[in-house]
Each structure stands twice: as structure tokens, then as C-alpha cells.
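What follows is a single structure, written as C-alpha cells, with notes after it.
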Amino acid sequence: MILDELLADGILGYEKVGYFITHDLYEEWALEKIIEVEYLKQLNEQDFFQNIGHSLAIRRSFRNWLSENLFLENEEIKKFIEQVLSSGGIEQFWKDEIIVSIMLSRYSEAFFELFKRELLDNKQAFLKRVTFILRLACKEVDDDFVKQLGIKNINIFSLEYILTKPKGQGWESLIKFVYDNLEIIGIGNINFILPVINDWSNKIKEGETT
């Protein structure tokens with residue numbers, strides 16, 4: 001029996017309430033498959049998000065699914081993203097999840113070109129939102145600095161402070177966008193970008209963006 005084999009392999013577990021997946025990896029894989037199915041049969045963006053739900057697990061899997069499609073340069077997914085970000089009927093947290101995926105991908109440069117007007121309008125409110133999300137969600141542990149200290153096999157959960165570094169092409173794309181549009185933004189209104197420049201230049205010491 002297939003269920004017995006999955007139990008023996010440790011992929012499934014069983015309790016009185018029924019079978020359950022034992023590893024997050026399999027759960028994420030299953031959720032991404034659900035997301036893909038709902039995406040293919042959607043009537044519209046609102047229908048899609050309503051059908052997949054909004055649990056933390058599904059939101060994490062949605063971000064992984066979206067990132068994978070952006071990596072594969074799926075043109076239909078890009079159109080989907082543009083429609084969602086332009087829609088007034090989609091919850092903000094879904095738009096934030098999409099922005100995270102964009103900032104971690106090569107699509108970030110095209111995003112800034114496509115949404116230039118929206119990013120610069122309304123006192124750059126949307127641009128400031130993107131900046132906030134970038135600094136919050138697009139970072140990774142700075143393993144290089146830890147290695148320089150001669151520390152091996154460190155448990156980051158035991159540290160009082162965790163040193164991070166920028167992650168994703170969104171950092172470069174954002175800095176370039178602000179640089180190219182500095183005259184429109186205004187030198188007196190760039191405080192929002194200074195922490196980004198600081199985070200970047202503290203870790204990346206050379207290159208065009210620096």
C-alpha cells in the first residue's frame with residue numbers, strides 16, 4: 001500500500017486524527033502545487049487569492065512559487081504581477097509578498113521601469129514602501145563576516161545580534177532608480193534611501209552601484 005510505504009520512508013506520519021506530512025519540505029512542495037493549479041484555473045486575480053487562502057504557510061509557498069517563476073522568466077507571471085500590483089481589490093499583504101519576490105529576482109530592474117510613474121507619484125509613497133520591504137525582507141546572514149572572526153558552526157539562534165547583508169538584485173535596481181530620478185524626487189526628500197545606501201556600502205565596497 002502506498003500510504004504504508006510513505007509511512008515507512010518517514011514522509012508521512014499517522015495519529016488518531018489521520019495522516020500528516022512529517023517534513024516542511026513536502027508541505028511546501030504540496031502547497032506550491034496547489035498554488036499552481038489554482039493559478040492555471042483562475043478566473044481573475046481576486047478569485048485566485050481567495051481560493052488559495054492566506055495562512056502564513058501558503059503565503060510563504062506563494063513567495064517561493066513566484067520566485068521560481070520569475071527565475072524562469074515566465075512572461076505570463078510578469079503580466080499577473082503587473083495586474084495584481086495595479087489592482088485596488090487585492091489585500092496589501094499579497095502585494096508586499098510580490099514585492100519581496102521581485103526584489104530578490106532579476107525582474108527588479110524591469111519593475112522599476114514599468115512602475116516608474118507610480119513610484120514617483122504621491123510623494124514617492126509606493127517607492128518608500130518598496131524601500132521598507134527591501135530592508136526588512138531582502139537580507140541574509142553575513143557568513144563572510146562570521147568566517148573572518150574565525151567562528152565555525154555557529155548557531156545564529158544563540159546570538160544576541162545577527163549580522164546581515166543585502167540579498168537580491170533589488171538593492172542595485174532601487175539605488176540606480178533613485179540615482180536616475182534624483183531630480184524628480186528632490187535632494188530634500190531622500191532620507192528614505194539613506195539607510196539602503198548605508199546597508200549596501202557597508203557590505204559591498206566596490207562596483208558600479210557602490
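Bear in mind that the values in this text are calculations on the coordinates, not laboratory data. Just so it is clear, the model here is predicted, and its values are computed rather than measured. Backbone-built Cβ (ideal geometry, glycine too); neighbour counts: all protein chains shown.
Net charge near PHE192, counting Lys/Arg +1 and Asp/Glu -1 over other residues with Cβ under 14 Å of its Cβ?
Values: positive: LYS123, LYS128, ARG129, ARG135; negative: ASP199.
My count for the surroundings of PHE192 gives +3.
When the chain is fully extended, how far beyond the present Cα-Cα distance does LYS116 get from ARG60, taking 0.36 nm per residue of separation?
Values: separation 56, 0.36 × 56 = 20.16 nm, distance 2.74 nm.
Taking 0.36 nm per residue and subtracting the Cα distance, the gain is 17.4 nm.
Share of Cα-Cα pairs in region 44-154 beyond 19 Å, in percent?
Details: 3109 of 6105 pairs.
Summing the P(r) of region 44-154 above 19 Å gives 51 percent of all pairs.
Any idea how far apart LYS79 and LYS167 come out in nm if each label point goes 7 Å out from Cα toward Cβ?
Distance between label points: 3.2 nm.
Multiply the residue gap between LYS128 and LEU72 by 0.36 nm, knock off their C-alpha separation, and tell me the result in nm, one decimal place. Numbers along the way, then the final one.
On the way: separation 56, 0.36 × 56 = 20.16 nm, distance 2.81 nm.
Full extension of this stretch gives 17.4 nm more.
List the residues whose amide H sits under 5 Å from the amide H of LEU163, counting only those 5 or more places along or on another chain, with H placed 1.01 Å from N in the peptide plane.
Counting only residues 5 or more places away or on other chains, the set is ASP142.
Sum up the charges of everything whose Cβ sits under 14 Å from the Cβ of SER101, counting Lys and Arg as +1 and Asp and Glu as -1, but leave SER101 out. Intermediate results must be reported in sequence, preceding the final value.
Values: positive: ARG59, ARG60, ARG63, LYS78, LYS95, ARG106, LYS167; negative: GLU32, GLU68, GLU73, GLU82, ASP96, GLU97.
Taking every Cβ under 14 Å from that of SER101, the sum is +1.
Under unit Cβ charges (Lys, Arg +1; Asp, Glu -1), what dipole magnitude, rounded to 20 debye, does region 67-128 have relative to its Cα centre? Don't jump to the answer; show the numbers that get you there.
Numbers: 8 positive and 12 negative charges, 61 e Å.
With only Lys, Arg, Asp and Glu charged at Cβ, the dipole is about 300 debye.
Which residues does a label at ARG106 reach in region 70-97, if reach means a backbone N under 17 Å from a point 7 Å past the Cα toward the Cβ?
What the label zone holds, given the 17 Å backbone N cut-off, is 70-79.
For region 84-96, just list the computed ³J(HN,Hα) in residue order, Karplus coefficients 6.51, -1.76 and 1.60, θ = phi - 60°, integers in Hz, with x standing in for Gly and Pro.
Going residue by residue, I get 5, 5, 8, 7, x, x, 9, 4, 4, 5, 5, 5, 5 Hz, with x marking Gly and Pro.
Give the long-range amide H neighbours of LYS139: residues separated by 5 or more places, or on another chain, with amide H under 5 Å away, using H modelled in the peptide plane at 1.01 Å from N.
HN-HN under 5 Å from LYS139: LYS167.
Starting from the Cα of GLU38, step 7 Å along the direction of its Cβ; do the same at PHE93; then give the gap between the two resulting points in nm.
1.3
Label points 7 Å out from Cα along the Cβ direction at ASN189 and SER201: separation in nm?
The two pseudo-label positions are separated by 2.3 nm.
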